[in-house]
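A quick write-up on the structure given underneath.
We did not get these values from a lab; they are worked out from the coordinates using the rules stated. Given the structure is predicted, the values throughout are model-derived calculations rather than measurements. Backbone-built Cβ (ideal geometry, glycine too); neighbour counts: all protein chains shown.
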Amino acid sequence: MATKHTLSNNLLIILGVVFLTLLSITSLPFLFNYYLLHLNPSFIAIFLLVPGFNLIFCVPFRKATLNDLTLIKYWRLFPLIFYYDPGPTYYRFKKIKELMAILKPGDILLQRMDNYIDGIVLRQTTYFTHMGIFYGDNEDKSRSDLVIHEISATGVDFISIKEFAKCDDILVLRLKEPFKEIEPSEGTEEAFKQDLFQEGKGVFSNKCHKTGQVSKYIKKELTAGNPLQIELQGEELSIYTKLLNKHYVSPDDYNPVVLNEAKTMLKESYDFNFDFQSFQRVSCVSFVWYAYKCLFPVHEVKIRPFYYFIFVKACVIVPDSFLESKGFDVVFSSIKNGIVDRKSILSYIQNKKLNFFLFIGQIIIGQLLILSIVKLITNLLASIFQGVFTFNIIYY
């Protein structure tokens, strides 16, 4: 069952927001100049066109792709100055040895890169903007540092952990050992179940989890709450069934299944629509969700509504959804000197998400400030060199 609340279905609204944003960035400086500064309109026009030409020419001189656009950064102090940075050249995270020492195959890696232009959209709903799965060894055991992830340039592919970790923040999640057998007298097993399975409505209620009707549950779950049309088979279905019935499943049993499912997606194309309707194309998030789908009874990461540009509703999964899940433990974090307490991390990142309209407001204020400085400088030069030079280029 398709949902109308997707980014692709809201494309016209998003384009309208972009148009109004560009209109504001161009018209407000003109009005400010017309009523207050009285600088030459030609100078204002050049001032406003420079960022556009800068954006065009910072892309390599070849056939540009959507991937090239995602590799463009903006200058943090004045976001209308752009540069192409596929490296990246500068990144905050440096503790690669500490990270590699703790990683195990099957771990989920959340990554954040600051100041890339695609983050202007992504960071409205999530702190982390990319994710992948630590794969470990390749087939001939010649390498043990591989991460498998989805990017627009290559589709699903392998990358070394050193390259993946060139980022500003990184966090590692590891699935809690689901329903590890505990003596009933201790009273902790039921408490653990209740902690994982929070009360919900409809197909997300505890009652539905306990029915044991696997096929019916999967159909309801994936159509009503997660419109991802898939079927579980073989080992995945066996693991899923055991988890529904609260039976212990060892990491030695489910990790190979997760990694195999991830590997079967190699070279799958990138889903720029983020529609979460099928797995013919995948984003970095839906790729990880797909690999972990048989473990849904533990992590319970669901599609839910998010709002972009304040009023554009899209039903998606974002990287932070995995962090919010109580089915995962945080085993490594670069945030605030390495805190791994989930509540502290969530509290910290809550205020770090991007407010789009505040971001645009800061750009406009920066423009007006620069024009005001130009006005002051030209006034100063005019007073110093009065009668020697004229300033027709600036004044009208």
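General observations
- For the range 26-177, a simple Cβ point-charge model (Lys and Arg +1, Asp and Glu -1, everything else neutral) yields a dipole of about 360 debye relative to the Cα centre.
- Projecting the Cα atoms of F328, A291, Y307 onto the charge dipole of the range 247-343 (Cβ charges, centred on the Cα centre) puts Y307 farthest toward the positive pole.
- Among F128, S160, N138 - extreme Cα towards positive end, dipole of the range 122-165, charges at beta-carbon: F128
- Entries in K73/K293; K267/K293; K263/K313 that, when Cα-Cα distance is taken, lie over 23 Å: K73/K293; K263/K313
- Ranking of V282, V257 by count of other Cβ atoms within 10 Å, fewest first: V257, V282
- Local electrostatic count at R174 - Lys and Arg +1, Asp and Glu -1, tallied over other residues with Cβ under 11 Å: -1
- Assigned charges on the beta-carbon of Lys, Arg, Asp, Glu; the range 99-157 dipole about Cα centre (debye): 220
- Our note on the geometry: Cα centres of the range 305-365 and the range 254-280, 23 Å apart.
- Long-range tail of P(r) for the range 331-370 (Cα pairs > 17 Å, %): 51
- Among P79, I96, G106 - extreme Cα towards positive end, dipole of the range 76-117, charges at beta-carbon: I96
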